[in-house]
Amino acid sequence: MTRSPAPLPSPERRRHLREAASLTQAQVARRIGVTRGTVRAWESGRTTPRGPGREAYADLLTSLTRTVATVKTAEADKTVKADKVTNTQETAPPTRMTVSPHEQPAPPAATAAPAGLTPAQAFDALYAFCAPALVRQTYLLSGRRELARESVERAFQLAWQRWPEVAVDPDPAGWVRATAYEYALSPWHRFRPRYRHPEPPPADAADRALLDTLLTLPAPYRRTLLLYDGVGLDLPETAAETEASTPAAAGRLLHARAAVAARLPGLAKPAELHRRLAEVASAQRLRAAGPPAVRAGGERRARFWTRAAIAVTVAIIGATALTVRTAPTRYEPPVPAGETVQGVPRRAAPGTLSAKELKLRAKLRSGIQHGPQRLLPLPG
């Protein structure tokens, strides 16, 4: 009786295990004894491992899983110790800018919430999970500390206004992240007085060079690079969040990496680029407001715009009523413009009477002096 082969992880999980161990496809291929194209096909799901290569690949993935679990346990122990020393979550700078969704549990808002969890408590849990890392990400996108904080707060305020929709979203953290990115990359900020002048750059020269390089990239390329090499999303998820096709997202990623490597040759490797992005973002003192303040700000903004909409509606209704009340009830055609009439002799100016006119006047005066006779025309 032959033993059935052990099940393999999904293709996406295979790639994440390899990247978590900082291995390239060529290194994995050498360990198994296959070509690099075969490993690429296994990780993309185009082909399925078979025969001896499958057993070697399964053993390698098992060892990588154990290694990643050990590293995660060590990082968790370090985090717990750091939390005990600082006794607060915001004061201790994280060792990584972001966490890959395949390496951390889902945010509390995405899991099944207890029956007694109120919407405010669920929102606060999502905010505490996402806000610290999201502020650092938006700082790398915009290069402005104040704009990064404002972008995250506006995104969560909008999430609180649409909480019934966000609460049932499969990925509420992705919903808030996409909203914050859109606000941070809005081109209208350049016309605001508070953002017309640049902020002080990072003190470290290497951090300043990396941030300047990122800001020279076009906004779609910068966002794609941050999502893939910073946040750790895979290519289809990156393409979906940037509203682009997978080939277009891949092209943006390659061009962005090439531009960064051209100016900073030491960041040609994705692992090194990820580490440097985390260091640059963690070196800045970026703190967002507390969840109650964000919720209160969102409610105030919602009340303001609601009252503004009511005021505009009342003004439109009043103007319409006034127009109906004062409008004429029947049609009155407009008076046409005057036109010149031809054939009428011009009126002469008063002056001296001619002999004929004097004779006619004398005749008229002599004919009506002796009674009320009527003037009759005489035959000529």
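So here's what we get for this one:
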| read-out | value |
| --- | --- |
| Test result for residue 226, of a type in the set (A, V, I, L, M, F, W, C), open to solvent by less than 30 Å² (accessible area, probe 1.4 Å), within 21 Å of residue 22 (Cβ to Cβ) and at pLDDT 90 or above | yes |
| Among residues of region 245-274, those that are within 23 Å of residue 21 (Cβ to Cβ), surrounded by 15 or more Cβ atoms within 10 Å (Cβ to Cβ) and over 22 Å from the mean Cα position of the chain (by Cα), counted | 6 |
| Elements of type helices (runs of 4 or more DSSP H) contained in region 1-65, each with 2 or more residues being touching a residue at least 60 places away in the same chain (Cβ under 8 Å) and basic (Lys, Arg) | 11-20 |
| Verdict on residue 176 being surrounded by 18 or more Cβ atoms within 10 Å (Cβ to Cβ), of a type in the set (Val, Ile, Thr) and either more than 21 Å from residue 152 (Cβ to Cβ) or at pLDDT 90 or above (or both) | yes |
| In region 145-171, the residues that are under 20 Å from residue 197 (Cα atoms) and open to solvent by less than 40 Å² (accessible area, probe 1.4 Å) | 147, 148, 150, 151 |
| Exclusive hit being farther than 26 Å from residue 276 by Cβ, open to solvent by 80 Å² or more (accessible area, probe 1.4 Å) and at pLDDT below 80, set 30, 3 | 3 |
| Condition met for residue 202 (more than 15 Å from residue 289 (Cα to Cα) and assigned to a loop (DSSP other than H, G, I, E, B)) | yes |
| Test: residue in region 345-368 that is at pLDDT below 75 and surrounded by 10 or more Cβ atoms within 10 Å (Cβ to Cβ) | yes |
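The values are calculated or read from the model by the stated rules, or taken from the named source; none is laboratory data. Bear in mind the structure is a predicted one, so any value in this text is a computation, not a measurement. Quick reminder, even Gly has a Cβ in these numbers, built from the backbone with ideal geometry, and neighbours come from all protein chains shown. The accessibility values were calculated without ligands, DNA or RNA, using every heavy atom of the protein model including side chains. Shrake-Rupley method; radii C 1.70, N 1.55, O 1.52, S 1.80 Å.
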